[in-house]
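The values are calculated or read from the model by the stated rules, or taken from the named source; none is laboratory data. Treat the numbers as computed from the prediction; the structure is a model and nothing was measured. Glycine also receives a Cβ, built like all others from the backbone with ideal geometry; neighbour counts cover every protein chain displayed.
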Amino acid sequence: MACVYIPVQNSEEEVRVALDQLPRDATDILDILKAEQAPLDLWLIIAREYFKQGKIEQFRQILEEGSSPEIDEYYADVRYERIAILNALGAYYSYLGKIETKQREKEEHFILATQYYNKASRIDMHEPSTWIGKGQLLLAKGDVDQAFAAFKIVLDGDRDNIPALLGQACVEFNRGKYSSSLEMYKRVLQVYPGCPAAVRLGIGLCRYKLGQFERAKQAFERVLQLDPENVEALVALGIVDLQSNEASGIRWAMEKMRRAFDIYPYCATALNYLANHFFFTGQHFLVEQLTETALASSTHGSTRAHSYYNLARSYHSKGDYEKAGLYYMASVKEINKPQEFILPFYGLGQVQLKLGDFKSSLSNFEKVLEVYPENCETLKAVAHIYLQLNQATKAHEALKKAVRIDPRDSEAFLDLGELLISTDSGASLDAFKTARNLLKKANAEVSIELLNNIGVLHFEKGEFELALQTFKEALGDGIWLNLIDIEPDSDSIGGSHHDPIRKALYQPINSSLASRKYKDMQLFHNLEKDGISVDLPWDRITTLSNLARLLEQLHKTETASLLYRLILFKFPEYVDAYLRLAAIAKSRNNVPLCVELIHDALQVDDKNPDALCMLGDLELKNDDWVKAKDTFRAAKDASNGKDSYATLCLGNWNYFAAVRSEKRAPKLEATHLEKAKELYTKVLLEHPANMYAANGAGVVLAEKGQFDIAKELFTQVQEAASGSVFVQMPDVWINLAHVHFAQGNFSLAIKMYQNCLRKFYYNTDNQILLYLARTHYEAEQWQDCKKTLLKAIHLAPSNYTLRFDTGVTLQKFSASTLQKTKRTVEEVRATVAELKNAVRVFSQLSAASNLQFHGFDEKKIETHVGYCKHLLEAAKVHCDAAELEDQQNRHRLELARQAAIREEESRLAEEQKKVKLEKRKQEDELKKVMQQEQHLERIKEHWKSSGSKRKDRGQSGDEDGAQGERRRRKGSSKKRKRDKKTEAHLDDQDEYEDDNTNTNYYETENQFNNQVNDNDDDPQDLLAAAGLEDSDADDDTAAPSSNTGRRIRGWSESEEDEPEKTQPSSSPVRENSVDMQLSDGE
């Protein structure tokens, strides 16, 4: 039994105090300590014992009394004990501040601790224990840097101070410098090998943070060897085992956590891990109990955050979103930075998203993205929130980032497809297809909803075959496949005895029930009797309905009606099937059956807006205005004004009421138009993309004369409607054409009417043909107007209005033709024929008016007949004048034609003559060229022979020199001139040979001809040179007859050295040319 002895003052006696039997009231022991002036170390021993026994108040009371001013004054010389008491109080209040959850009380405790440490420092500012206490206080306050400085002051004085080393290690651990912290713990172990097991626990934690799990595990196991009941080591070992992510590791970890819980049931970390384990096993009551105990046992912020998170997650999984949100919020408040523990932010964002607090949810998810910017789940949640906040662009960006980060995330592609389905059907279809492919690659089931969406998008794009295949894939096997594959042809009917479905489908029915076959369910009853299953799972209803709608688009209405009836046979409350069957009956003009089917739908849901609007539309077409208005109002009230179609129908009703021809009152018309405009505008404000409301607003504006604005609206609606296979709006084309007509743009109006007829009605709508005829009439295109009206009469023979319009058109055409200043006989004759046709048409209408076939005024028709007859009489005079003028014109034209023929004949003769002359000239030129070539050859041969003769003549020159001299002297002066001339020609010929053989013979010939012309201008030679001589005269001119020819021939004969034989030529000019060249050569 431990005891302390308090010495009695002024005596050798001592007061024995048993430490395990300390009085409950510390005043008694304090009185003894004060009275006997006991040493301060006894005060400290007794206070510490009170603390160990959990008597904190007595502990504090003794220490505070021991640090009072009176004690300080009495024990002024005792320094160490006084510092120890003050440091003990500082450590106590530091602990209180650390565990306190309320910020105000926490600050108060820290202030008291600071005061005690400062008081101790004033006694001895170099006392290491005081600085260690200050460091622990600063560490508790989170001031890591100042704590580091405090511990450093101690270590600078004593580098082996174990408390300072441990404090420094804690500082480095909190800074994230795990290697430095590890070195500090190792140093403590080296200085004091017998240190407590907790030091090795610090080593294990540092190893764990550094990723050295095996060595960390060894450190924790060493702690357990030293202290088998060390709870922190057990928990740490359990956490290390969890890192393996294996079943065995998780099992061992939970065993260690349970063992730690058995040793110390208030270990918050062990409680949190156990709660997390029981959460995944679905034992939520244990989760709540463990987390509540952990919250009561711990004051550490991060630990409490995990406890609140586990508790919130438990309530979240049970669907209690209010409590889950509160606990998620409490967990978030315990966290200083999201980086420390991000999961509560994600859970809080999920709960807030579920509760509809989109902005707060977005804020929490954005904090998650700050820590993990590439977390796909968070990106998908953010995209969903952006979509709810009508920020489609940001949602699109978030989903694109998600699919870029993880291209194998099928859910991200699904979300992306659903986002784009209303804005970009092509991209949406691609996203859905990618999701389907990813699911197939992962061997996961492709949902019916996904396949249904893909089929619908194919349907919208007009890819009907792909849509049909996708719908079949979504539906799988069933009776619907047999119904789709059966075609109502002769082969099917013939083979119906072998197929029970065909037999049931094509069995004879009563003729009285044929008009009501869309309500006949006997087929499916017969199939069930034959043992054929007609089951239809509930999750295939929508897809089967879409398939039937596709078959309608493919004009297989009978097959579609079978599928709708199959849906109603298994699910009689499916209203859309009734309405589609009613639409099919309406398209076949079976109005009674249509109304009956709509009433069947209303019996299922008497406030169905679609059924009410459809019924009101039928009543409006039957001119039952009051009932139609009441029905439309009921449809609007049934949806609390949120059904835009019901509001649109009311707007249509007001417009039709304004333009009713039988009750056209200006004030009433303006009131109805304004009301219609108000309703259309209301729909557009709620749904800006509603094309029908925009079309209605444009119609009202056009009725008010605001054509430019109306035209802009119609153009936008036309562009929007052209991009969808579901929207067929011929009305907007007609309205746009009406606006062009009202503005006088008849050509554009005609094009719009024609395009509308061709695109939507295959040129078979007589009403639009009437619009087109009116446009032709206003454009004064009478023949086109007549053709259009005749086509409309062919389509609607009983429409007498078209016949009347035809008569008026013929009358107007005739009158306009007769008013022309210049008319042809054909035009006048056509006018007479058209007037006769007009009289016949009006006469037929007059006869029909007597039988009350139509509402035309007989007097008005007689007026038209009289006017046409008057025009016929006037046309006769115009016809006679036109015929006379036509005869005169024909006579003038005949004379002009004959004169033109004569001119043409003379022109052709002249051209033929020129052609002949040109041809003869070309032939003569060709002959000249050939003769010149032949002459050149002869000259070359002559040069060769003359060269040999000159050599012989040189040898005999000496013998005959005298004789030759006398012969030359006897020559006349004329002969001398010729000799000189001949030498000159020979010299020129030598130069000619040296230069080139390609001599221009035409130039020589022309020079010679000029000489001949200067001497003697013979007419026959001129004609020959021009190529105009008579062919009969060729023989007469074969021999040379001119003086020039004789002179040249004389020159040739008088030449003594070398006589030349001349060759005959057919042309005098050619002969002269050749002779001249020969003489020159000589």
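Being β-branched (V, I, T), in contact with a Leu (Cβ under 6 Å, 6 or more places away or on another chain), buried (at least 21 other Cβ atoms within 10 Å of the Cβ) and touching a residue at least 24 places away in the same chain (Cβ under 8 Å): is that true of I132 here?
Working: β-branched (V, I, T): yes; in contact with a Leu (Cβ under 6 Å, 6 or more places away or on another chain): no; buried (at least 21 other Cβ atoms within 10 Å of the Cβ): yes; touching a residue at least 24 places away in the same chain (Cβ under 8 Å): yes.
For I132, the condition - β-branched (V, I, T), in contact with a Leu (Cβ under 6 Å, 6 or more places away or on another chain), buried (at least 21 other Cβ atoms within 10 Å of the Cβ) and touching a residue at least 24 places away in the same chain (Cβ under 8 Å) - is not met.
For V534, state whether it is more than 23 Å from I448 (Cβ to Cβ) and surrounded by 14 or more Cβ atoms within 10 Å (Cβ to Cβ). Spell out the reasoning first.
Details: more than 23 Å from I448 (Cβ to Cβ): no; surrounded by 14 or more Cβ atoms within 10 Å (Cβ to Cβ): yes.
In short, no.
I need the full set of residues from region 210-248 which are within 18 Å of L182 (Cα to Cα) and not aliphatic (A, V, I, L, M), in order please.
G211, Q212, F213, E214, R215, K217, Q218, F220, E221, R222, E232
Out of all the residues in region 395-415, which are farther than 18 Å from L369 by Cβ and either buried (at least 18 other Cβ atoms within 10 Å of the Cβ) or not charged (D, E, K, R) (or both)? So that I can check it myself, show each step before the final result.
If we filter region 395-415 for residues that are farther than 18 Å from L369 by Cβ, which is where we start, we get 407-408, 410, 413-414.
Result: P407, S410, F413, L414.
Of L155, L224, which residue is assigned to a helix (DSSP H, G or I) and closer than 25 Å to H126 by Cα? Lay out the reasoning, then the answer.
Numbers: L224 fails: closer than 25 Å to H126 by Cα.
Testing whether each residue is assigned to a helix (DSSP H, G or I) and closer than 25 Å to H126 by Cα leaves just L155.
With (1) farther than 24 Å from S298 by Cα; (2) in contact with a Leu (Cβ under 8 Å, 6 or more places away or on another chain) as the list, and S68 as the residue in question, which single condition is left unmet?
(2)
Go through region 570-599 and report how many residues are in a helix (DSSP H, G or I), over 36 Å from the mean Cα position of the chain (by Cα) and surrounded by fewer than 19 Cβ atoms within 10 Å (Cβ to Cβ).
6
Residue check, A635 against (1) buried (at least 22 other Cβ atoms within 10 Å of the Cβ); (2) out of contact with any Cys (no Cβ under 7 Å at 6 or more places or on another chain), all met but one. Which one?
Among (1) buried (at least 22 other Cβ atoms within 10 Å of the Cβ); (2) out of contact with any Cys (no Cβ under 7 Å at 6 or more places or on another chain), the lone unmet condition for A635 is (2).
When you scan region 286-390 for helices (runs of 4 or more DSSP H) that lie fully inside it, which ones turn up with 1 or more residues that are under 24 Å from K400 (Cα atoms) and acidic (D, E)? So that I can check it myself, show each step before the final result.
Working: elements: 301-317, 321-333, 343-355, 358-371, 376-388.
Helices (runs of 4 or more DSSP H) meeting the threshold: 358-371, 376-388.
Can you tell me which residue in region 393-449 is nearest to the chain's Cα centre (by Cα), limited to those that are under 22 Å from L475 (Cβ atoms) and among the basic types (K, R)?
Here the answer is K433.
Among the residues of region 532-565, count how many are charged (D, E, K, R) and farther than 15 Å from V456 by Cβ.
Going residue by residue through region 532-565, those that are charged (D, E, K, R) are 535, 539-540, 549, 552, 556, 558, 565.
Of the ones still in play, those that are also farther than 15 Å from V456 by Cβ are 535, 539, 556, 558, 565.
Selection size over region 532-565: 5.
Which residue pairs have Cβ atoms under 7 Å apart, sit 6 or more places apart or on different chains, and have a first residue in region 739-751 that is in the same structural domain as D708 (by the TED database) and a second that is in a helix (DSSP H, G or I) and aliphatic (A, V, I, L, M)?
Partner pairs satisfying both residue conditions: V739/A702; V739/A710; H740/L748; H740/A749; H740/M752; F741/A749; A749/A737; I750/L772.
Is region 765-776 home to any residue that is among the aromatic types (F, W, Y) and within 30 Å of M729 (Cβ to Cβ)?
yes
Among what's in region 313-327 and is buried (at least 22 other Cβ atoms within 10 Å of the Cβ) and under 41 Å from the mean Cα position of the chain (by Cα), pick the residue that is farthest from L353 (Cα to Cα).
R313
Test each condition in (1) crowded, with 17+ Cβ neighbours inside 10 Å; (2) over 21 Å from L165 (Cα atoms) for G211 and report the one that comes out false.
(1)
Applying the selection to region 164-182, what residues are within 60 Å of the chain's Cα centre (by Cα) and assigned to a helix (DSSP H, G or I)?
Taking region 164-182 as the starting set, the residues that turn out to be within 60 Å of the chain's Cα centre (by Cα) are 169-182.
Within region 164-182, A169, C170, V171, E172, F173, N174, R175, Y178, S179, S180, S181, L182 qualify.
Check off (1) farther than 26 Å from L648 by Cα; (2) in contact (Cβ under 8 Å) with a residue 24 or more places away in the chain for P537 and give me the number that stays unchecked.
(2)
Of I83, I32, which residue is on the phi < 0 side of the Ramachandran plot, aliphatic (A, V, I, L, M) and surrounded by 19 or more Cβ atoms within 10 Å (Cβ to Cβ)? Steps first, answer last, please.
On the way: I32 fails: surrounded by 19 or more Cβ atoms within 10 Å (Cβ to Cβ).
After ruling out the rest, the residue left standing is I83.
Within region 420-434, take every residue that is touching a helix residue (DSSP H, G or I) at 6+ places or on another chain (Cβ under 6 Å) and part of a helix (DSSP H, G or I) and give me the one that is surrounded by the most Cβ atoms within 10 Å (Cβ to Cβ).
F432
Please find, within region 470-488, the residue that is nearest to S533 (Cα to Cα) out of those that are modelled with pLDDT under 90 and charged (D, E, K, R).
D477
Given the residues G238, G249, which is the only one that is over 17 Å from Q168 (Cβ atoms), at pLDDT below 85, among the small types (G, A, S) and assigned to a helix (DSSP H, G or I)? Spell out how you get there, then give the answer.
Values: G238 fails: at pLDDT below 85.
After ruling out the rest, the residue left standing is G249.
Looking for whichever is surrounded by 21 or more Cβ atoms within 10 Å (Cβ to Cβ) and not aromatic (F, W, Y) here; the options are H284, H300, H306. Which one fits?
Working: H284 fails: surrounded by 21 or more Cβ atoms within 10 Å (Cβ to Cβ); H300 fails: surrounded by 21 or more Cβ atoms within 10 Å (Cβ to Cβ).
Checking each option against the conditions leaves just H306.
Taking the stated definitions as given, is Q21 loosely packed, with under 15 Cβ neighbours inside 10 Å, among the polar types (S, T, N, Q) and either in contact (Cβ under 8 Å) with a residue 40 or more places away in the chain or closer than 20 Å to A76 by Cα (or both)?
Values: loosely packed, with under 15 Cβ neighbours inside 10 Å: yes; among the polar types (S, T, N, Q): yes; either in contact (Cβ under 8 Å) with a residue 40 or more places away in the chain or closer than 20 Å to A76 by Cα (or both): no.
The answer is no for Q21.
List the residue pairs whose Cβ atoms are under 6 Å apart, where the first residue sits in region 579-603 and is over 16 Å from L562 (Cα atoms), the second is of a type in the set (S, T, Y), and the two are 6 or more positions apart or on different chains.
Taking only residues 6 or more apart or on different chains, the pairs are D600/Y578; A601/Y578.
Answer with yes or no whether T764 is assigned to a loop (DSSP other than H, G, I, E, B), in contact with a helix residue (DSSP H, G or I) (Cβ under 7 Å, 6 or more places away or on another chain) and farther than 19 Å from E834 by Cα.
On the way: assigned to a loop (DSSP other than H, G, I, E, B): yes; in contact with a helix residue (DSSP H, G or I) (Cβ under 7 Å, 6 or more places away or on another chain): yes; farther than 19 Å from E834 by Cα: yes.
Spelling it out, T764 is indeed assigned to a loop (DSSP other than H, G, I, E, B), in contact with a helix residue (DSSP H, G or I) (Cβ under 7 Å, 6 or more places away or on another chain) and farther than 19 Å from E834 by Cα.
Scan Y93, Y116, Y50, Y80 and give me the residue that is free of Cβ contacts under 8 Å to residues at least 60 places away in the same chain, more than 60 Å from the chain's Cα centre (by Cα) and within 27 Å of R304 (Cα to Cα). Please lay out each step first, then the result.
Working: Y116 fails: within 27 Å of R304 (Cα to Cα); Y50 fails: within 27 Å of R304 (Cα to Cα); Y80 fails: within 27 Å of R304 (Cα to Cα).
Sole residue among the options that is free of Cβ contacts under 8 Å to residues at least 60 places away in the same chain, more than 60 Å from the chain's Cα centre (by Cα) and within 27 Å of R304 (Cα to Cα): Y93.
State yes or no: is G204 without any contact (Cβ under 8 Å) to a residue 12 or more places away in the chain and in the same structural domain as V235 (by the TED database)? Quick ask: steps written out before the conclusion?
On the way: without any contact (Cβ under 8 Å) to a residue 12 or more places away in the chain: no; in the same structural domain as V235 (by the TED database): yes.
No: the conditions fail for G204.
Among R660, R633, which is within 30 Å of Y518 (Cβ to Cβ), free of Cβ contacts under 8 Å to residues at least 24 places away in the same chain and not assigned by the TED database to the domain that holds A720? Talk me through it step by step, then tell me what you get.
Details: R660 fails: within 30 Å of Y518 (Cβ to Cβ).
The unique qualifying residue is R633.
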